[in-house]
Amino acid sequence: MTLSRRPWLLGAAAAVASVAAPAWLTPALAQPPSAGPTPRRPTPGQVEGPFYPVRLPDDHDGDLLRTGNRRYDRGQAVWLDGVVTDLDGRPVQDAVVEIWQCDHAGHYHHPGDGNRADPAFQGFGRVSVGRDGRYRFRTLRPAPYGGRTPHIHVKVRLDRMELLTTQLYVAGDPGNERDFLWRRLDDAGRAALTVPFTPGVDGLRAQFPITVQI
């Protein structure tokens, strides 16, 4: 009995093709899908509070421990720095970062606080970030006042836009658990706004990365 050779030939040709086919003939579905960057969560905002300066001090640079010829030597000095990025992780060039806080005794440079703050403490600082998005301040480890846990107020602007107003907290401070604003944050919010203040060669250091939506 004579068998047809056609089925055998078709099977052999398919086998050869499967081995010899060039890579560019491989179906696209065989390649794993490329995953794009995961958008970041913006830094949580919080209330501005009552003590944003009514009038900016004449000296409002990034060094809050020096005002004119006066040097503030109370409390613990700290370098506070970080990078301002958008939701895709790109530096926000030309953003302006502002911080303000009370002095070591818990007083702000503000009429609402009786203007009792130490005149040697600048109390407010403003810096512009460069192409890398970095900012840096020389300031004071925040002090508690009026039932609030230690915190530093932070604001970020870009041109005429206000991108963020929030508050920065000290990791491990016993006052955090009693603070009504800190307690309102979820776990992710607390992690974003609460940072370690660690010893360095010339005082403490705190790093506070900021993510804003533009």
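The values are calculated or read from the model by the stated rules, or taken from the named source; none is laboratory data. Quantities reported herein were computed from a predicted structural model and do not represent experimental measurements. Every residue, glycine among them, receives a Cβ derived from its backbone with ideal geometry; neighbour counts consider all protein chains shown.
Within the range 37-64, work out how many residues are among the small types (Gly, Ala, Ser) and at pLDDT 95 or above.
2
For the range 173-207, name all the residues that are among the β-branched types (Val, Ile, Thr) and either part of a strand (DSSP E or B) or on the phi > 0 side of the Ramachandran plot (or both).
Matches in the range 173-207: Thr194, Val195, Thr198.
Could you check Ile152 against (1) surrounded by fewer than 19 Cβ atoms within 10 Å (Cβ to Cβ); (2) among the hydrophobic types (A, V, I, L, M, F, W, C); (3) touching a Pro at 6+ places or on another chain (Cβ under 9 Å) and say which number it fails?
All conditions pass for Ile152, except number (1).
Look at the range 160-214 and say how many of its residues are free of Cβ contacts under 8 Å to residues at least 60 places away in the same chain, more than 16 Å from the chain's Cα centre (by Cα) and surrounded by fewer than 16 Cβ atoms within 10 Å (Cβ to Cβ).
14
One residue is enough: does the range 155-172 have a residue meeting the conditions aliphatic (A, V, I, L, M), over 26 Å from Asp58 (Cβ atoms) and not in a strand (DSSP E or B)?
Yes, the conditions are met somewhere in the range 155-172.
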